1. Note down all Cβ pairs under 9 Å where the first residue falls in segment 197-226 and is on the phi > 0 side of the Ramachandran plot, the second is of a type outside the set (A, V, I, L, M, F, W, C) and open to solvent by 10 Å² or more (accessible area, probe 1.4 Å), and they're at least six residues apart or on different chains.
2. Return yes or no: is V163 among the β-branched types (V, I, T) and over 28 Å from R101 (Cα atoms)?
3. From the list A224, A237, which one is among the small types (G, A, S), over 14 Å from the mean Cα position of the chain (by Cα) and open to solvent by 10 Å² or more (accessible area, probe 1.4 Å)?
4. Report yes if K117 is under 30 Å from D209 (Cβ atoms), out of contact with any helix residue (DSSP H, G or I) (no Cβ under 7 Å at 6 or more places or on another chain) and basic (K, R), otherwise no.
5. Within segment 112-146, which residues are touching a residue at least 60 places away in the same chain (Cβ under 8 Å), surrounded by 17 or more Cβ atoms within 10 Å (Cβ to Cβ) and of a type in the set (A, V, I, L, M)?
6. Cβ-Cβ distance below 7 Å, separation of 6 or more or different chains: which pairs start in segment 150-162 with a residue that is in contact (Cβ under 8 Å) with a residue 60 or more places away in the chain and end on one that is crowded, with 16+ Cβ neighbours inside 10 Å and not hydrophobic (A, V, I, L, M, F, W, C)?
7. Across segment 122-158, what is the number of residues that are within 24 Å of R15 (Cβ to Cβ), out of contact with any helix residue (DSSP H, G or I) (no Cβ under 7 Å at 6 or more places or on another chain) and not in a helix (DSSP H, G or I)?
Amino acid sequence: MPIIIKSDDEIAIMRHAGSVVAQTLQRLVEEVRPGVVVKDLDKIVRREFERHKVVPTFLGYHGYPATVCVSVNEEIVHGIPGKRVIQDGDVVSLDLGCTYRGFVADSALTVIAGTPKPGTQELVDVTRESLATGIREARAGNRLGQISAAIQAYIESHGFGVVREYVGHGVGRQMHEEPQVPNFGPADRGPVLKKGMVLALEPMVTAGDWRTRQLEDHWTVVTADGSLAAHFEHTIAITDGEPQILTVP
C-alpha cells in the first residue's frame with residue numbers, strides 16, 4: 001500500500017484529535033495510583049471522549065473490547081482494562097486513540113503508581129527519551145531507518161531491550177497505515193520522509209530480553225521472560241522543518 005500524504009487541513013484535524021488524546025491521557029495519569037481498579041480508567045476515557053465528541057478508535061477494533069489499553073508491569077501493549085487493582089510501584093502503560101472527523105490520533109505513555117521500585121524510573125525515563133530521540137530524526141529528506149536506528153541506539157546504550165515484534169506505523173484515516181516504523185534496524189533502510197507524512201512512533205522497551213508472547217485473551221502482549229516493560233508514543237507530522245507532535249494538549 002502507498003504512503004498517504006496528508007494536507008495541511010487534514011493535519012489540522014489530526015492535531016485536534018491529538019489534543020483530545022493528550023488531555024485524556026493526562027486525566028488518566030492523575031488517576032493512576034495504588035488501589036485503582038484498571039477498568040475504572042476505561043470509564044474515564046468514555047466520559048472524556050463523549051464530552052469532546054470524538055470516537056474511541058480502539059473500541060471494537062478487530063474486536064477489542066475497551067477504549068484504552070492498560071498494560072501493567074511485564075505487559076507491554078494491548079492490555080485489556082479489567083478487575084486488576086493497581087499496586088504500589090506498578091509500571092502502568094496507557095495507550096489511547098481517538099477519531100475526529102474521520103482522522104485518528106494515537107499516543108501512549110508510561111507512569112509508575114506510587115513509589116518506584118529500583119530501576120523502574122530509569123526504564124520509564126529511557127523509553128520516554130528514546131521517543132524524543134526518534135522524533136528528532138523525523139525530518140523531510142531523512143530515511144525512515146534513521147528514526148529506527150536512533151531509537152535503538154539510545155535504548156541499547158542504557159542496557160535495555162527493544163521490542164521487535166510490535167512497531168510504529170503510519171496513521172490517518174486508518175489507525176494503521178503504511179509505513180511500518182520499527183524501533184530497530186539500520187539507518188539506511190526505508191522510504192525517504194516527505195512533508196505530509198504522519199507517523200505514530202512508539203518505542204516499546206524491556207528491562208530484560210526483547211522477546212514477547214501473547215496471553216490467552218488474544219490481546220495482552222507480555223515480555224517472554226517476565227521483565228518489566230514501558231511504552232511511549234506520539235503521532236507526528238513531517239514538515240519542511242521540525243517535526244510537529246500532534247498528540248499534545
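1. Close Cβ pairs satisfying both conditions: H218/G63; G226/N73; G226/E74; G226/G208.
2. yes
3. Among A224, A237, only A224 is among the small types (G, A, S), over 14 Å from the mean Cα position of the chain (by Cα) and open to solvent by 10 Å² or more (accessible area, probe 1.4 Å).
4. Criteria met by K117.
5. Result: A113, L123, V124, V126, L131, I135, A138.
6. Pairs that qualify, where the first residue is in contact (Cβ under 8 Å) with a residue 60 or more places away in the chain and the partner is crowded, with 16+ Cβ neighbours inside 10 Å and not hydrophobic (A, V, I, L, M, F, W, C), are G161/T206.
7. Result for segment 122-158: 4.
Per-residue answers, yes or no, for (1) modelled with pLDDT of 95 or more; (2) open to solvent by less than 10 Å² (accessible area, probe 1.4 Å); (3) within 22 Å of G241 (Cα to Cα); (4) touching a Phe, Trp or Tyr at 6+ places or on another chain (Cβ under 8 Å):
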{"position": "E156", "(1), (2), (3), (4)": "yes, no, no, no"}
{"position": "V163", "(1), (2), (3), (4)": "yes, yes, no, yes"}
{"position": "P182", "(1), (2), (3), (4)": "yes, no, no, no"}
{"position": "K195", "(1), (2), (3), (4)": "yes, no, yes, no"}
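The values are calculated or read from the model by the stated rules, or taken from the named source; none is laboratory data. Predicted model, so just to flag it, every value in this text is computed and none were measured. In this analysis, Cβ positions are derived from the backbone assuming ideal geometry, glycine residues included, and neighbour counts consider all displayed protein chains. Surface areas here come from the heavy atoms of the whole protein model, side chains and all, with no ligands, DNA or RNA. Shrake-Rupley method; radii C 1.70, N 1.55, O 1.52, S 1.80 Å.
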